Amino acid sequence: MKHNKVGSVMTTEVVRAEYGTPFKEVARLLGDHHISGLPVVDEDEQVIGVISETDLLLRQAATPDPYEPRKRSWFAGLTRAGRTRAAKVRARTAGQLMTEPPITVHADDTIVEAARIMAQNRVERLPVLDEENRLVGIVTRRDLLQVFLRPDAEIRAEVVDEVLVRALWLTPRAVDVSVTEGVVTLTGQMERKSETEIAVSMTRQIDGVVAVVDRLTHRLDDSRLQPDEQALHGVADDWLRRL
């Protein structure tokens, strides 16, 4: 079973800045291209940082209001976050404005891996790198959500081929597979309980699957058998060890 790769959904025409790109040019790039962030690259097209709208807004937020009393902000400078914020407020170039180190993915990474990185780091976009760590694209949350637009018929075909036939060595009609709005329902009787667990687990990991409804039964509960008593075969053996 192969997950879709980041390279299949990324945008290849990437708006980027260099270390010395002026502050106003960065703002113009974001505005002209209607984007909320961009990567900063060096002369070898390697990503050295990223800039978001929030980074630019720090300067505007730091502009004093003439009608408000001056606030003492010396304490903020004592913290690392405060020093970083103060530096960005004074930034004149992309290199001074960017956040580093950048959070990136590779074109050969799966969409699942990219989504996990986005969620863990609370970012909305990721620069995409090639084998030599050079910038080749950008992927956003919206790009990753395309996986859930897969037709139900396409998802069903992958469940039958990859899970039933290739992994479990069953005939295509051994289990009834129905898909509605990305929700996969598995119905039927299988030989072993371990096989039902494998079928459900593998189906959940297929790109585009929203949920799995398990209506599978089994003839033999092999969960308490010793390993040498279990008659596993093919890819199923590997999958059982991961459960």
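Quick check on Ala94: is it at pLDDT 60 or above and closer than 19 Å to Leu38 by Cα? Spelling it out, Ala94 is indeed at pLDDT 60 or above and closer than 19 Å to Leu38 by Cα.
Within region 44-63, the presence of at least one residue that is open to solvent by 40 Å² or more (accessible area, probe 1.4 Å), modelled with pLDDT of 70 or more, of a type outside the set (Gly, Ala, Ser) and touching a Phe, Trp or Tyr at 6+ places or on another chain (Cβ under 9 Å) is confirmed. The set of residues from region 1-40 being open to solvent by less than 80 Å² (accessible area, probe 1.4 Å), farther than 17 Å from Ser52 by Cβ and in a loop (DSSP other than H, G, I, E, B) comprises Met1, His3, Asn4, Val9, Met10, Gly20. Could you tell me whether Leu126 is closer than 19 Å to Asn4 by Cβ and among the aliphatic types (A, V, I, L, M)? Yes.
The values are calculated or read from the model by the stated rules, or taken from the named source; none is laboratory data. Model, not experiment: these values are computed from the prediction. Don't worry about glycine lacking a Cβ; one is built from the backbone with ideal geometry, like all the others, and counts go over all protein chains shown. Areas reflect the complete protein model, heavy atoms only, side chains present, ligands, DNA and RNA absent. Shrake-Rupley method; radii C 1.70, N 1.55, O 1.52, S 1.80 Å.
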